[in-house]
2 protein chains.
Amino acid sequence: MDWGLVQGPVRRELAQVDRQLVRLFRSPIAIVNAVGLHFLSTRGKKFRPTLLLLVSRLEGPARRPHVTSATVVELIHAAALIHDDSVDKSSLRRGLPTVNHMWNDDVSIVVGDFLYSKAFETLVREELLRAMRVLADVTHHMAIGEALEIDFEGKLDLEESQYFDVIAAKTASLMGGACEIGAASPNGDSPNRAKARAQRFRRFGHAVGMAFQITDDVIDFLGHPSETGKKLGTDLREGKVTLPLIGALATLKSKKRERLVVLAAKRKLGKPEFKELVGLIEEGDGFTYAMSKARLYADQAKRLLGPEPDGSVKSALGHAVDYAVGRTR
Amino acid sequence: MDWGLVQGPVRRELAQVDRQLVRLFRSPIAIVNAVGLHFLSTRGKKFRPTLLLLVSRLEGPARRPHVTSATVVELIHAAALIHDDSVDKSSLRRGLPTVNHMWNDDVSIVVGDFLYSKAFETLVREELLRAMRVLADVTHHMAIGEALEIDFEGKLDLEESQYFDVIAAKTASLMGGACEIGAASPNGDSPNRAKARAQRFRRFGHAVGMAFQITDDVIDFLGHPSETGKKLGTDLREGKVTLPLIGALATLKSKKRERLVVLAAKRKLGKPEFKELVGLIEEGDGFTYAMSKARLYADQAKRLLGPEPDGSVKSALGHAVDYAVGRTR
């Protein structure tokens with residue numbers, strides 16, 4: 001999966017997002033500046049800004065409000081990661097120390113709050129009221145997702161629908177919001193058509209997000225730490241029950257199911273035990289099951305792209321969908 | 001100082017705020033519900049909603065948008081307290097355990113994020129765009145205040161202007177914002193007059209907030225724990241250098257000044273040492289100095305009320321100013 005195929009049509013705009021991020025992180029406040037520099041050095045692929053900008057490019061050249069909205073979406077993502085890493089006591093992200101690990105949880109709280117509020121302050125200052133509406137709603141859903149994760153911690157009988165509720169709130173809502181914002185039509189669409197199109201792209205982003213997160217949860221068991229930049233089995237250690245485990249628990253019978261429950265409940269597993277756990281999930285078709293669900297979401301996303309005219313931007317969005325389910329880290 | 005004199009004219013609206021808060025805290029998410037119930041039971045005087053509603057009553061009966069804005073202001077205040085208590089490792093607030101103490105820092109992060117996002121989601125849903133603009137800016141200032149406190153932690157040579165920067169961002173900005181929102185004129189004012197009036201009330205709320213926080217910082221040394229519901233000397237233990245100490249350090253000479261620096265740097269003081277420290281601040285006129293500054297801000301606030309017609313609401317606002325500097329907890 002060549003990531004260049006995805007970002008190609010919006011490379012220039014993504015460079016602008018990078019410059020805006022550097023500017024927004026620059027601050028006379030020493031701690032914000034220090035964390036900002038560290039955080040920018042660990043930045044990944046900017047998947048969410050890429051989605052927003054690609055969707056906007058379907059209807060013509062990307063405009064400045066789209067670039068700024070893309071930057072704000074990345075700020076919100078950064079704030080959420082910083083708070084999440086602190087809640088989850090994570091120490092590594094993409095092979096580099098997390099903010100809570102490099103500084104402490106207090107710094108994580110404060111810098112996260114700084115970035116969230118910077119995001120909304122930027123939207124207000126730039127008069128991006130539509131993006132404001134979307135993102136106020138999205139951040140509330142993200143917070144609901146965080147809270148649900150606390151409610152469901154260590155719940156080995158988590159229902160599939162509860163798992164989907166969590167990842168919809170935590171991950172898919174922001175990708176859905178990013179695509180909805182990207183679909184703002186500059187060229188005098190009728191309000192009804194514009195609304196329907198924006199909602200279609202929210203559903204598109206939502207489906208991509210679901211596919212993305214399910215894949216992420218599979219990688220947490222099967223990935224290569226050298227590629228993912230974090231330890232395997234992190235979710236389990238944090239008491240997060242994800243789809244591969246739910247799927248296997250529904251399939252395995254008696255003794256094997258019992259053994260899987262015992263291992264999963266332990267959370268901290270030695271290497272041989274972790275291997276045994278992965279073997280049992282495999283035996284219960286947990287990974288196959290999870291990836292089949294991820295692919296269903298990916299197919300749904302592609303269908304939602306259907307009405308758009310063919311071209312390089314549409315195929316880049318198709319590649320983005322493939323990336324969500326095809327990546328290995 | 002009778003608090004009833006302050007709240008009298010808006011008692012009915014404050015009861016509505018209470019009902020809205022209960023509704024907003026009610027959630028199908030167990031952890032949010034549990035923390036909500038605990039938090040509502042520790043709620044104080046609702047000083048910020050009271051200011052907003054009183055200012056709005058100067059121009060006629062309070063309307064529903066003002067009540068909702070007042071509720072949102074209290075949500076933002078609650079979110080900030082929950083995050084602050086976690087950053088500061090506080091264990092008591094108004095005599096009851098803090099969220100981080102009763103649960104843990106993870107719950108504080110998540111519930112704080114939930115309340116911040118609930119605040120903005122409510123503003124968007126109720127189409128309160130003016131309040132949205134004001135509060136996006138205010139929450140960013142509050143986050144800047146939090147970050148500055150980390151930068152300045154344990155800085156015994158903190159300048160007075162730096163102290164004022166911190167409390168302006170941390171405390172005065174939200175009170176200023178609350179009053180600015182309250183000053184929205186329903187009755188067809190010219191835009192220019194409306195804007196000037198809103199800015200005057202922002203300055204009013206800012207001055208009340210400065211007076212309020214300076215007084216708070218004096219109470220942290222001189223209050224009675226049975227009244228304040230928290231330990232004395234909390235600021236010092238958290239490395240927060242406040243105006244009484246800054247004032248005394250500027251006045252005391254040689255040996256006494258050196259001794260005060262040594263004591264303040266220790267942070268954790270036994271009872272006799274804390275008494276000695278308070279005695280030295282007293283000798284350096286630190287408390288008198290701080291309260292004289294607080295009163296200057298209170299006078300400024302009262303002057304800003306000048307143009308308003310006399311009546312029960314204006315005098316309630318006058319009492320609110322007196323409360324900010326006259327309270328003992």
message: With the requirement that a residue be touching an Asp or Glu at 6+ places or on another chain (Cβ under 6 Å), without any contact (Cβ under 8 Å) to a residue 60 or more places away in the chain and within 20 Å of B:Val22 (Cα to Cα), what does the range B:58-89 give you?
response: B:Val67
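To keep it simple, each residue is scored yes or no on (1) out of contact with any His (no Cβ under 6 Å at 6 or more places or on another chain); (2) aromatic (Phe, Trp, Tyr); (3) on the phi > 0 side of the Ramachandran plot.
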position	(1), (2), (3)
A:Lys275	yes, no, no
A:Val278	yes, no, no
A:Asp285	yes, no, yes
A:Tyr297	yes, yes, no
A:Ala316	yes, no, no
A:His319	yes, no, no
- request: Please tell me if B:Lys293 is more than 22 Å from B:Val10 (Cα to Cα), in contact (Cβ under 8 Å) with a residue 12 or more places away in the chain and of a type in the set (D, E, K, R).
  value: yes
message: Just to be sure I understand the filter: pairs with C-beta atoms under 7 Å, separated by 6 or more residues or on different chains, first member in the range A:9-26 and closer than 14 Å to A:Leu52 by Cα, second member among the acidic types (Asp, Glu) and crowded, with 19+ Cβ neighbours inside 10 Å. Which pairs pass?
response: A:Val17/A:Glu74
field: Considering residues of the range B:1-55 that are of a type in the set (S, T, N, Q) and either in contact with an Asp or Glu (Cβ under 8 Å, 6 or more places away or on another chain) or not in a helix (DSSP H, G or I) (or both) only, the residue nearest to the other protein chains (Cβ to nearest Cβ)
entry: B:Ser27
message: Could you go through the range B:232-239 and let me know if any residue there is touching a strand residue (DSSP E or B) at 6+ places or on another chain (Cβ under 8 Å) and among the charged types (D, E, K, R).
response: no
Which listed residue, of A:Leu249, A:Leu263, A:Leu277, A:Leu304, is of a type outside the set (D, E, K, R), over 24 Å from A:Lys231 (Cα atoms) and part of a helix (DSSP H, G or I): A:Leu304
task: Output the residues belonging to the range A:273-317 that are among the β-branched types (Val, Ile, Thr) and closer than 30 Å to A:Leu252 by Cβ.
output: A:Val278, A:Ile281, A:Thr288
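One line per residue, one yes/no per condition, for (1) within 21 Å of the chain's Cα centre (by Cα); (2) among the β-branched types (Val, Ile, Thr); (3) more than 26 Å from A:Gly326 (Cβ to Cβ):
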residue	(1), (2), (3)
A:Asp18	yes, no, no
A:Ser27	no, no, yes
A:Ile31	no, yes, yes
A:Leu37	no, no, yes
A:Lys46	yes, no, no
A:Leu58	no, no, no
field: Restricting the range B:157-172 to residues that are under 20 Å from B:Ala248 (Cβ atoms) and polar (S, T, N, Q), the residue that is surrounded by the fewest Cβ atoms within 10 Å (Cβ to Cβ)
entry: B:Ser161
task: Would you confirm whether any residue within the range A:38-53 is of a type in the set (D, E, K, R) and at pLDDT 95 or above?
output: yes
- prompt: Counting only residues that are surrounded by fewer than 23 Cβ atoms within 10 Å (Cβ to Cβ) and among the small types (Gly, Ala, Ser), which one in the range A:211-228 is farthest from A:Gly44 (Cα to Cα)?
  reply: A:Gly223
query: Out of the range B:117-131, which residues are within 20 Å of the chain's Cα centre (by Cα) and more than 7 Å from every other protein chain (Cβ to nearest Cβ)?
result: B:Ala119, B:Ala131
- request: Kindly establish whether A:Lys231 is under 25 Å from the mean Cα position of the chain (by Cα), loosely packed, with under 15 Cβ neighbours inside 10 Å and not in a helix (DSSP H, G or I).
  value: yes
task: Kindly indicate whether A:Tyr323 is closer than 21 Å to A:Val241 by Cα, surrounded by 21 or more Cβ atoms within 10 Å (Cβ to Cβ) and of a type in the set (Phe, Trp, Tyr).
output: no
message: Looking only at the range A:1-34, how many residues end up being of a type outside the set (S, T, N, Q) and more than 23 Å from A:Leu317 (Cα to Cα)?
response: 13
field: Residues of the range B:64-89 satisfying the condition of being in contact with a Ser or Thr (Cβ under 7 Å, 6 or more places away or on another chain) and within 11 Å of chain A (Cβ to nearest Cβ)
entry: B:Ile76, B:Ile82, B:His83, B:Asp85, B:Ser86
task: Check the range B:182-192 and report whether any residue there is more than 14 Å from chain A (Cβ to nearest Cβ) and among the hydroxyl-bearing types (Ser, Thr, Tyr).
output: yes
field: Only one of B:Phe204, B:Phe164 that is touching a residue at least 60 places away in the same chain (Cβ under 8 Å) and of a type outside the set (D, E, K, R)
entry: B:Phe204
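Quick grid of which residues meet (1) buried (at least 19 other Cβ atoms within 10 Å of the Cβ); (2) farther than 29 Å from A:Leu24 by Cβ; (3) at pLDDT 95 or above; (4) in contact with a strand residue (DSSP E or B) (Cβ under 8 Å, 6 or more places away or on another chain):
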| position | (1), (2), (3), (4) |
| --- | --- |
| A:Arg130 | no, no, no, no |
| A:Glu146 | yes, no, no, no |
| A:Phe201 | yes, no, yes, no |
| A:Gly209 | yes, no, yes, no |
task: Only residues that are aliphatic (A, V, I, L, M) and either surrounded by fewer than 23 Cβ atoms within 10 Å (Cβ to Cβ) or under 21 Å from A:His224 (Cβ atoms) (or both): list them for the range A:88-112, please.
output: A:Leu92, A:Leu96, A:Met102, A:Val107
message: When the residues of the range B:90-116 are narrowed to those that are free of Cβ contacts under 8 Å to residues at least 60 places away in the same chain and more than 24 Å from A:Ala80 (Cα to Cα), which ends up nearest to the other protein chains (Cβ to nearest Cβ)?
response: B:Ser91
task: Would you check if there is a residue in the range A:192-200 being of a type outside the set (Lys, Arg) and in contact (Cβ under 8 Å) with a residue 12 or more places away in the chain?
output: yes
query: What are the residues in the range B:85-128 that are charged (D, E, K, R) and at pLDDT 85 or above, if any?
result: B:Asp113, B:Lys118, B:Glu121, B:Arg125, B:Glu126, B:Glu127
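The values are calculated or read from the model by the stated rules, or taken from the named source; none is laboratory data. What you are looking at is a predicted structure, and each value in this text was computed from that prediction instead of being measured. Because the Cβ atoms are built from the backbone with ideal geometry, glycine has one as well, and the counts that use them run over all protein chains shown.
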